[in-house]
1. Evaluate the Kirkwood expression for the hydrodynamic radius of the chain, namely the inverse of the mean inverse distance over all pairs of different C-alpha atoms, and round to one decimal in Å.
2. Mind checking which of Ala193, Ser154, Ser142 is farthest towards the positive end of the stretch 134-266's charge dipole, using Cβ charges of +1 (Lys, Arg) and -1 (Asp, Glu) about the Cα centre?
3. Between helix 315-325 and the chain, what is the angle of the helix's C-alpha long axis to the longest principal axis, kept within 0 to 90° and rounded to the nearest 10?
4. Step through the residues of the stretch 49-60 one at a time and calculate ³J(HN,Hα) from phi using the Karplus curve (6.51 cos²θ - 1.76 cosθ + 1.60, θ = phi - 60°), rounding each to whole Hz and writing x for Gly and Pro.
5. Quick check: pseudo-label points 7 Å beyond the Cα along Cα→Cβ at Lys102 and Ala39, how many nm apart are they?
6. With a ≥ b ≥ c taken as the square roots of the eigenvalues of the C-alpha gyration tensor of the stretch 131-221, please select rounded if a/c is under 1.5 and otherwise prolate if a/b is larger than b/c or oblate if it is not?
7. On a 24 Å Cα-Cα criterion, which of the cross-link pairs Lys17/Lys226; Lys279/Lys317; Lys226/Lys254; Lys133/Lys178; Lys178/Lys279; Lys192/Lys243 come out too long?
8. Give me Rg/Rg_expected for the stretch 3-99, where Rg uses Cα atoms only and Rg_expected = 2.2 N^0.38 Å with N residues.
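Values quoted throughout were computed directly from the atomic coordinates according to the rules given, and no laboratory measurement underlies them. Predicted model, so just to flag it, every value in this text is computed and none were measured. Every residue, glycine among them, receives a Cβ derived from its backbone with ideal geometry; neighbour counts consider all protein chains shown.
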Amino acid sequence: MVYVASTTAPVNIATLKYWGKRDKDLNLPTNSSISVTLAQEDLRTLTSAATDEGFTQDKLWLNGKEESLDSARTQQCLADLRGLRQQVEAQDPQAPKMSQWKLHIVSENNFPTAAGLASSAAGFAALVVAIAKLYQLPQDYSEISKIARKGSGSACRSLFGGYVAWEMGENLDGSDSKAVEVAPLNHWPNMKAAILVVSDMKKDTPSTSGMQLTVKTSDLFQERIKNVVPQRFEEMKQAIRNKDFPTFADLTMKDSNSFHATCLDSYPPIFYMNDTSRKIIRLVHSINAFYNETIVAYTYDAGPNAVLYYLEENESKLFAFIYKLFDKVSGWETKYTEAELNDFL
Ligand code: DP6
């Protein structure tokens, strides 16, 4: 008999960045991080996992194409999940011996994999949750997030929607390095995100090697993890709980800039943003200055694409300007004159 389970996992965007590992095999971070995931349906990975006594090989199909499951990270996730399944089987002699059987996994993204979005996060999260469901594991999502973390650090945050913290933990074995919910999506329902795709090229320096270079070579990085992020982590959680947009936005923008500063301080330096990215940063600060209020925040991951956060009631105020920058945004009118807009750009 074939057993099947499916799940979706959302793309998550960090507003307080994970950058640096204290253990690269276990993916243990040098700082805690926070992400905001606004829409499960818009950007997500859908994964189904099947198992049957008769399957002869573990197999994975990603977006319709067969892919290898051989990477050490994937193998670690599968081994951990099978280990937990063995505990289920030990407690219930009637339970099918799925831990001994091979898996067939089918995974599909509803966004272009190369769009510079963290597809590996949603991918590992969906893989791990689909198999955990298939195996009927009793562990909660925070516990399961530790397995997803070994696949890709940021994946642990994609087990939850809404506002999520990845607590870095202290233990050498990673047993306390897990994702926890700060607030559910409906806590702050008017929060919105827009992704400005500046380039859909694959990124230059992958996150894993980029962060290793930063840890090894950047002096600024030491300052960031010791004296900047710990306090910011607490402040950002509080701003989310209080629905304090200006504070949340300021912390988000500062943290994006701090992370990219450590990239620039790496040796040789790593550049993730390009001229258009920097133009958007200037534009966002000009918009906030124009309204004399922080109505929009930017954040950039390891690539040039911007994610903007804003409150729904400010959407037209914001898009009046974004519209000008990206002529392609259809359906948006602007009440500003060409001259007024040009002053901003
Ligand atoms: C800039 O989670 O992709 O997006 O753990 O090596 O797989 P690995 O790295 P990854 O790094 C994400 C870096 C980031 C910031 C973040 O998502 O917090």
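1. About 21.2 Å for the chain.
2. My answer, from the dipole projection, is Ala193.
3. 80 degrees
4. Karplus values, whole Hz, x for Gly and Pro: 10, 10, 9, 7, 4, x, 5, 9, 8, 6, 9, 9.
5. 3.9 nm
6. Since a/c reaches 1.5 but b/c is at least a/b, the shape of the stretch 131-221 is classed as oblate.
7. Too far apart for the 24 Å limit: Lys178/Lys279.
8. 1.35
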